[in-house]
Amino acid sequence: MPKVCSICGKGKLSGKAIAHSHSHVSKRTNRQFKPNLQKVKLEDENGTVRTECVCTKCLKKVN
């Protein structure tokens, strides 16, 4: 199962992690920002129930 929201398509984003010292050399390493995905049971128009990964932002909108 991919780590992507089934409603909005939100996935991983990449960026930099900056060291606490913030020295003039700027020690930076790569990092990933992952969405907060939850497994939720959703019901279709047909009445079939299936589990999908939904981000918490979309989960608030649905409820």
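The values are calculated or read from the model by the stated rules, or taken from the named source; none is laboratory data. Please read these numbers as outputs of a predicted model, since none were measured by experiment. Counting neighbours? That spans all protein chains shown, and the Cβs are built from the backbone with ideal geometry, glycine included. Note: areas computed on protein heavy atoms with side chains; ligands, DNA, RNA excluded. Shrake-Rupley method; radii C 1.70, N 1.55, O 1.52, S 1.80 Å.
Numbers below:
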{"item": "Of all accessible heavy-atom area on the chain, the percent that carbon and sulfur account for (1.4 Å)", "result": "50"}
{"item": "Linear extension gain, residue 52 paired with residue 32, 0.36 nm per residue minus alpha-carbon span", "result": "5.0 nm"}
{"item": "From the C-alpha gyration tensor of the stretch 1-58, square roots of 5λ in Å", "result": "38, 8, 7"}
{"item": "Candidates 27, 39, 12: whichever shows maximal mean-square fluctuation once the chain is modelled as a Gaussian network with Cα springs under 10 Å", "result": "27"}
{"item": "Surface per residue (accessible, 1.4 Å probe) for the chain, Å²", "result": "87"}
{"item": "Under 13 Å between alpha carbons - lysine pairs in the chain that sit 8 or more apart or on different chains", "result": "7"}
{"item": "GluC sites (Glu not before Pro) restricted to the stretch 14-63 and DSSP loop, no more than 12 other C-beta within 10 Å", "result": "45"}
{"item": "Listed residues 13, 23, 51: farthest to the positive end of the dipole of the chain (Cβ charges)", "result": "23"}
{"item": "Relative contact order for the chain, counting Cα pairs under 8 Å that sit 6 or more residues apart, in percent", "result": "32"}
